[in-house]
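Colleague: The structure is given below, and queries will be raised subsequently.
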Amino acid sequence: MGKNKLFMILVSIFALMTGLLQPSTSYAAEETAIRIAENIVKLNIGETTVITVDYSKLAGAFDDIAITSSDTSIAVASIADTGNGIACLGIAGTGLGTASIAVYSISNPAIVDYTAVQSGLATGSTIINQTDGTSLTAIYNDRIIQYPAILTGRNNAQIAVTGLILERERGIDCLKVSGELLSKDSQVPGMTVFYANYYNAAGGLMKRQAVYTRDPQANTYMELKWYIPDGCVKILIE
C-alpha cells in the first residue's frame, strides 16, 4: 500500500472517530458490517484484554480488515481471525487517558466500528489525586483533570486551589473548584475570570470555557463552576 493511500485511510478513520465525517449513504447497507462487542473497555496501565469483532457481513472478509488507535501512547491493539466471521481484538493499556480503537474496512474506511479505551483511570466514582511539583492531576472513572496548584485567570487574577469536585446531576456534569483568592483582576474591579479547556478522546480541543465570578466580600474563599461538554475526557484548568 502506498504512503498516500495509507495516509488518506488514517485521515478518514480519524475523522470518523471524532464525528467529523459520516458514512456515505451509498454504503448504508454495509455500515453495520463490522461490529465490536464492547463500546467501552477499561484497563489498568499494562493490562490487556480480548474482545470479539463480528465481520460476517463484510464482503471482503478478514483480508479487508485493519485497525488503528487514536493515541498509541494510551492504547494499542492487534487483531486475529478465529474464522466464521469472528475476529479477536486484543487491546493493551499503555498510558493514562482515553483513546479510540477503530476496526475498519481497508477498501472502504466508511465501514467502521470503534471502542473507547479508558486506560489507567479510577473505577466507579473513585478519585485519584497525583502531584508533580506544582502540577496536579485528578483522575475520575472517565475523565482526567489537570490543573496547577495556583490558577491564573484574566489580568493576573490568581486562586490557590483547595478543593476539586466533579458533580453529576440531572444528566449534566459540572466541575467545581474551590480555593483562596490570592490576587484580583487588575483591570476589572470586583470580577474575576478563569478558564478551562476541554478535550475529546482523539485529543482535539472541544471548547475553551470561561467562568466569571464576583470577588468575595467578607473573605478570600471562592468557588468556580464549569459545565462539562458531552464527549469530554480531559480537562485542563489554567
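The values are calculated or read from the model by the stated rules, or taken from the named source; none is laboratory data. Only a predicted model underlies this, so the values are computations on that prediction, with no experimental measurement involved. Positions of Cβ are generated from backbone atoms using ideal geometry, with glycine treated the same way; all protein chains shown enter the neighbour counts.
Colleague: Test of understanding: among Thr32, Thr68, which residue is over 21 Å from Ile144 (Cβ atoms), assigned to a loop (DSSP other than H, G, I, E, B) and under 26 Å from the mean Cα position of the chain (by Cα)? Quick ask: steps written out before the conclusion?
Modeller: Values: Thr68 fails: assigned to a loop (DSSP other than H, G, I, E, B).
None of the others qualify; the one that does is Thr32.
Colleague: Is it the case that some residue within region 76-92 is surrounded by fewer than 20 Cβ atoms within 10 Å (Cβ to Cβ), touching a residue at least 60 places away in the same chain (Cβ under 8 Å) and in the same structural domain as Val112 (by TED's automatic domain parsing)?
Modeller: No, region 76-92 contains no residue that is surrounded by fewer than 20 Cβ atoms within 10 Å (Cβ to Cβ), touching a residue at least 60 places away in the same chain (Cβ under 8 Å) and in the same structural domain as Val112 (by TED's automatic domain parsing).
Colleague: Would you point out the residue of region 182-235, among those that are aliphatic (A, V, I, L, M) and over 16 Å from Arg154 (Cα atoms), that is surrounded by the fewest Cβ atoms within 10 Å (Cβ to Cβ)? Lay out the reasoning, then the answer.
Modeller: Our first condition is that a residue be aliphatic (A, V, I, L, M); within region 182-235, this holds for 182, 188, 191, 193, 196, 201-202, 205-206, 210-211, 218, 222, 224, 228, 233, 235.
Remaining after also requiring over 16 Å from Arg154 (Cα atoms): 201-202, 205-206, 218, 228, 233, 235.
Values: Ala201: 22, Ala202: 18, Leu205: 11, Met206: 17, Ala218: 5, Ile228: 21, Val233: 21, Ile235: 22.
Here the answer is Ala218.
Colleague: Examine region 43-56 for a residue that is over 13 Å from Val112 (Cα atoms), more than 26 Å from the chain's Cα centre (by Cα) and part of a loop (DSSP other than H, G, I, E, B), and state whether such a residue exists. It would help to see each step written out before you state the result.
Modeller: Quick first cut of region 43-56, residues over 13 Å from Val112 (Cα atoms) only: 43-52, 56.
Keeping just the survivors that are more than 26 Å from the chain's Cα centre (by Cα) gives 56.
Restricting the remaining residues to those that are part of a loop (DSSP other than H, G, I, E, B) gives 56.
Checked against the condition, which is being over 13 Å from Val112 (Cα atoms), more than 26 Å from the chain's Cα centre (by Cα) and part of a loop (DSSP other than H, G, I, E, B), region 43-56 yields at least one hit.
Colleague: Among the residues of region 161-175, is there at least one that is in a strand (DSSP E or B), at pLDDT 90 or above, touching a Gly at 6+ places or on another chain (Cβ under 8 Å) and under 20 Å from Ile145 (Cβ atoms)?
Modeller: No, the conditions are met nowhere in region 161-175.
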